[in-house]
């Protein structure tokens, strides 16, 4: 195991404080919360070590789950263990439970779940200079792609890894972001873009708002091993006064979200790679089981 | 807990006593593992705990491609980094011309053959500094086409020739440029057998390369003493046959200038720690730097050695009544350097030829078997022995072919096997005389336990339930040449075992104490075992091939007999009787029938405080004996030759039954019930059950479940435990649904002239416990879904759904 390479560490006390440090080191500072993903990747040199880590866990108020008039607010440093214990929206707890093992859930945060790196081997292994890393092509289509995307592929075939993120997508959450140019709110369906998220280097997720507690909420995940594994495919379904929304995980570089019919039609039009056609059967089974 | 059946050992008591036993005082008893407390409290001497002053650390620059040419290696930046003591490349004079295990350069110089091959080494004050310096080494490669298809590699015109010039040329089929060696069995008349068959199945199977999956990486520490001698501590399964000479070779030192020390317990081996490769590099680097060096293969724990990739093409025939008529199989196995792959194919033959008569005895004079195997250079990952050379690779296709035949004939899977099993004393298709056959008892007991499960449970759609059965066998190659032990008897009745028999988690530290306590009739607390150290322990047995119990036990029984004789010779005049009137118990020597007429061992040996007695199957050295072997076989036909008609030491016969749940839409699989039966007279039933459930169920099933390896252009992609999916405890049956059945059978060597008993009738089971698991699992998936999966691993979601036509 390698030691962490040297970096500066900054403990932010306010969001403004954190943003100013991010701005001071453009593109060379990273937000640090649970660290589950980031520290592992830094130790293994899957990613270049940032010059500065900005810890946002000490910023007051970011680690709460609160019901307010405009919906349920979930702070970005709320841990997955908190989600499991919180009964406000059970499908979020279900998604958290099916994510990492219990010890990691006490560290992993909701913000981290939204922002974590993709778990594509071509992206991780340094000798494969893939498109996502700035190289010319994605190696998955002609290569080994059993765990890659079957839809919405454009230039990258890695899938969004976070389970809680998929549940939040079905809940039509909106993501509040603050950065050097002020604050904005992005619907979660627009948060993920093909090569990551809409976050700019000096921006931080400050709040996640679920507009309505669903009358029916389901999160289903299929994975190879019972205890740990990223989703082969997952389906989240939430019914509110505005209708039913379905989100699909493990199948695309974004989180496909829409009505049950839209999602079923999207799966029918899937474009699997050479080794992952089986995912179509998996996701269809989950859709059926979810009652979509 | 599930059911743990242990048949009665009473019938064997007299035979055990005739070998010097003490009426099952410790033999067959559930003695707690002597290292149990140490293991759970972290107080066992592992190799990774070795600390010496000034210890340096080594890190390795490895090839990230498949096959490639090395165009340049620039170490200049690394050499000036903090803490760096030495940087070696393939061009360094210290490694020039040095090979490990015959044909693999210690550091690649101009070409790399496989992913993760070593191209440079950094030694530094700390492991972190060494790792950082490795990152600073710039290696330029010219990647070349890799060959990973083992069948194409063996072709007469292969797309890639792996080694030019050719490293090894086999005696036959020298026109296949990548072929290292070939193995054959030609017995009976295969063509007639197939012509006679009412049913024939033909299929092709793949057994993927698989890492061993030990949690603790293999490691070593080497300490030079400044006087031309060196101590090497290695996390190895045995010290004498390979780790010691290879370490000496790498350091350019005579073996006897190196003192090789094993751990108190090797931290999981499964064959992967047979060679102690880190010891080779630790010794080299300690010699080069003049300082102690630690080597841990941490970054490559899933890569440094795997079971070789194997493809098998099988044809099997049977009559309508289930009588077998013929079996034909061709194997291809791939490896970048030889390592032990020749033994893989050599031993695969026993697996095919020993359990059943392919050519029923009522129909044919000899079994009809044709076996051909090609051991072939490829650009697949580095290989190593893996829990039964060639056994899974051959048992999976072999036993699955039988299940396919049973399915076609509509026959019970146990009945078709019982109809064709080889019986005690019969000759196999290799003309080997088979002894100590427990197949019938084990098959029947396993079936009886499966029947007690009752009807299959109903499960919600789209889940389906299936049950599978498989037989299997596992040879013990043993070491029938080196076999010597010392027992140090102390005046106070304590016995020290001086032997190299290594505990690799199988419980050898406990088993060896039990055998000696039984043989010397002393409390087990009074039996101890010294550190495994080449400076004073003799070569007794190697902890490989499930042979240590028989090898070590055989030596211990002889040594104990010698020890008792010496004690009685000393005590007889003091007690005024003849030596043959004496017996011993609890450190006392007494006249038979008059327990009050007794003196202690101390009284007998006074004024000496202790005495050291040797014994073994080949002791005294040079004495004529019947253990030399294994015997020879004819190369072209594989037929065993006299006088021994013995190719292996003995064999363990087993059966597995399991129940699985398969989701027909998601391809998910859960193993819900499992039974493992073994024919063994257990030295310690608890340890055997631990091997079967903990070691066998988990390891064996894991081979067949999800542990797929992903390779792209010769480069391995599945390098972490998230990519290479070793099952977790939640993927296995609950504790109450795992069962073992020990069906005691008196252990006996194969062959004759004369017949040889195993010590106290015991046989090793370590490797055999898991090799029926994959065919059993595949059979259960077939029972659940109607689909035969012919790859191991078999149960990834992709493979199950593909077999069901959904991918």
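The values are calculated or read from the model by the stated rules, or taken from the named source; none is laboratory data. On a predicted model such as this, the values are computed, not experimentally measured, just so you know. Here the Cβ positions follow ideal geometry from the backbone for every residue, glycine too, while neighbour counts run over all protein chains shown.
Key figures for this structure:
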quantity	calculated
Test: residue B:45 is surrounded by fewer than 17 Cβ atoms within 10 Å (Cβ to Cβ) and either touching a helix residue (DSSP H, G or I) at 6+ places or on another chain (Cβ under 9 Å) or assigned to a helix (DSSP H, G or I) (or both)	yes
Filter result (out of contact with any helix residue (DSSP H, G or I) (no Cβ under 6 Å at 6 or more places or on another chain) and assigned to a helix (DSSP H, G or I)) within segment B:751-774	B:768
Single residue of segment A:101-129 satisfying the filter (assigned to a loop (DSSP other than H, G, I, E, B) and more than 12 Å from chain B (Cβ to nearest Cβ)) that is farthest from residue B:135 (Cα to Cα)	A:106
Segment B:536-574, residues that are over 20 Å from residue B:592 (Cβ atoms) and in a helix (DSSP H, G or I)	B:548, B:549, B:550, B:551, B:552, B:553, B:554, B:555, B:556, B:557, B:558, B:559
Test: residue B:795 is more than 27 Å from the chain's Cα centre (by Cα) and closer than 23 Å to residue B:672 by Cα	no
Number of positions in segment B:341-387 that are buried (at least 24 other Cβ atoms within 10 Å of the Cβ) and within 22 Å of the chain's Cα centre (by Cα)	23
Qualifying residue in segment B:706-713 (condition: more than 12 Å from every other protein chain (Cβ to nearest Cβ) and either out of contact with any strand residue (DSSP E or B) (no Cβ under 7 Å at 6 or more places or on another chain) or part of a loop (DSSP other than H, G, I, E, B) (or both))	no
Wholly enclosed strands (runs of 3 or more DSSP E) of segment A:4-100 bearing at least 3 residues within 17 Å of the chain's Cα centre (by Cα) and in contact (Cβ under 8 Å) with a residue 24 or more places away in the chain	A:29-32
Residues located in segment A:276-292, provided they are surrounded by fewer than 20 Cβ atoms within 10 Å (Cβ to Cβ) and within 11 Å of another protein chain (Cβ to nearest Cβ)	A:277, A:288, A:289
Residue check, residue A:205 touching a strand residue (DSSP E or B) at 6+ places or on another chain (Cβ under 6 Å), buried (at least 24 other Cβ atoms within 10 Å of the Cβ) and in contact (Cβ under 8 Å) with a residue 40 or more places away in the chain	yes
Selection from segment A:244-275 of residues that are more than 14 Å from chain B (Cβ to nearest Cβ), touching a residue at least 24 places away in the same chain (Cβ under 8 Å) and part of a loop (DSSP other than H, G, I, E, B)	A:252, A:253, A:254, A:255, A:256, A:269, A:271
Verdict on residue B:36 being more than 14 Å from chain A (Cβ to nearest Cβ) and out of contact with any helix residue (DSSP H, G or I) (no Cβ under 9 Å at 6 or more places or on another chain)	no
Enumeration of residues in segment B:586-613 that are free of Cβ contacts under 8 Å to residues at least 40 places away in the same chain and outside any loop (DSSP other than H, G, I, E, B)	B:589, B:590, B:591, B:594, B:595, B:596, B:597, B:598, B:599, B:603, B:604
Matching entry among B:248, B:195, B:283 (being assigned to a helix (DSSP H, G or I), under 25 Å from residue B:384 (Cβ atoms) and without any contact (Cβ under 8 Å) to a residue 60 or more places away in the chain)	B:248
Test: residue in segment B:444-463 that is within 25 Å of residue B:641 (Cα to Cα), in contact with a strand residue (DSSP E or B) (Cβ under 6 Å, 6 or more places away or on another chain), in the same structural domain as residue B:674 (by TED's automatic domain parsing) and in a loop (DSSP other than H, G, I, E, B)	no
Members of segment B:590-604 that are over 12 Å from residue B:492 (Cα atoms) and touching a strand residue (DSSP E or B) at 6+ places or on another chain (Cβ under 6 Å)	B:590, B:591, B:592, B:597, B:598
Residue match in segment B:25-34 (condition: farther than 23 Å from residue B:163 by Cα, part of a helix (DSSP H, G or I) and at pLDDT 95 or above)	no
Test: residue B:322 is touching a residue at least 24 places away in the same chain (Cβ under 8 Å), assigned by TED's automatic domain parsing to the domain that holds residue B:386 and either assigned to a loop (DSSP other than H, G, I, E, B) or at positive phi (or both)	yes
Segment A:212-226 - residue that is surrounded by 16 or more Cβ atoms within 10 Å (Cβ to Cβ) and touching a strand residue (DSSP E or B) at 6+ places or on another chain (Cβ under 6 Å) and, of those, nearest to the other protein chains (Cβ to nearest Cβ)	A:222
Within segment B:693-704, tally of residues that are within 14 Å of chain A (Cβ to nearest Cβ) and in contact with a strand residue (DSSP E or B) (Cβ under 7 Å, 6 or more places away or on another chain)	2
Check on residue B:302, part of a helix (DSSP H, G or I) and touching a residue at least 40 places away in the same chain (Cβ under 8 Å)	no
